[in-house]
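Read the figures in this text as sums done on the coordinates, not as results from a lab. These figures come from a predicted structure and were not determined experimentally. Reconstructed Cβ throughout: ideal geometry from the backbone, glycine too, with neighbour counts over all protein chains shown.
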């Protein structure tokens, strides 16, 4: 037992310092399924030793290693096809699940030396089940940790049990308890929602891979009827920040159950000053936000241009007006982030967001940077690109430069990433 504990701790420490690449997902799940089958087969043998097995059942009985091989092939092929389909199609959806379900069951059936017609029949049934043939009616979902290392690391999110390694969804199983209904939604064991990755133009330029957003498990505490809302609140003088805001909304809206809502902050300059600066007029489709509306958001993303390395006066005036919300800590616990615009490469892509963190700290909001989750896109040096680990960004130059495609892709990624974080927390209390 002591040797097993030592091996367990060594494995945990190695995984904490050596993250598993996404390309190993199929191998990890395959090995996990094989190990689980050995455990369940051992339990079954213990039961059979107490209760005699009828002679017909002995004919189809197999060894633990044989069952481990078959289950390993089933889940390994399923996960491998999912990984391949996601890489080819650039997204993970129900079509990928159906193809993976078909392939996994066909491989499982063939390795058992069944007739090919039977394998195809079972594969079609598995594909239909993965596509939504069966669905639990009003089925509660309970997240149960399968392994527990009693790690001293804090949990990633409030309400998340302190679990092994990195709170990976691989180490959890969702159990649903209710009767089965037909013809709606997904299958009985719903897969976690996964975000669509931005396709990189040249993935071979760097070994850094985009961090899989799906490692952030979906919130388990709210029903599907609730639509989480992320308010994208920005000030844009010449339209550069607005372009980022619109693309962030695209990313947010790609995540099921979350929507982005665009708001402007009020202008503080006079019309004469704006005309002298040749500032284009703003359209009326995006409303100005009222301070009291902030409390209705489940997440907040603030965008603004820089003024000498800090946020613009318009956004600072808006934050200064939130003292009433600050007094009652109405925004405490709300996930929030930033995206910025600067005129030059050294004009404050990082300091503008960095100095704005004080606004969140005094409100008790939770700052959510994007880090390097954009992967190889953060390391490309073949073109000018705004943005930093603090959030998306754009270079405006003298005001005539348009945001590049890579800057807009980073903005969409920030939207998806923020949506997954907000979804993990679920709807916030409005009290």
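Computed values, structure above
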| item | result |
| --- | --- |
| Anisotropy class of segment 203-425 from Cα gyration tensor, a/c 1.5 cut | oblate |
| Burial ordering of 304, 263, fewest other beta-carbon atoms within 10 Å first | 263, 304 |
| Projected label distance in nm at residue 357 and residue 118, using a 7 Å step from Cα toward the beta-carbon | 6.1 |
| Residue 292 paired with residue 402, simple spin-label distance in nm, labels 7 Å along Cα-to-beta-carbon | 4.2 |
| Potential lengthening between residue 323 and residue 268 on full extension [0.36 nm per residue; Cα-Cα distance subtracted] | 18.0 nm |
| Segment 321-431 - convex hull of the alpha-carbon atoms, volume per residue in Å³ | 112 |
| Label-to-label distance, nm, for residues given as residue 250 and residue 379 (7 Å Cα→Cβ offset) | 2.6 |
| DSSP bridge orientation in segment 203-425 - percent antiparallel, rounded to nearest 5 | 10 |
| Packing-based exposure ordering (other Cβ within 10 Å, fewest first) of 385, 112 | 112, 385 |
| Sequence of 93, 398 once ranked by neighbouring C-beta atoms within 10 Å, starting from the fewest | 398, 93 |
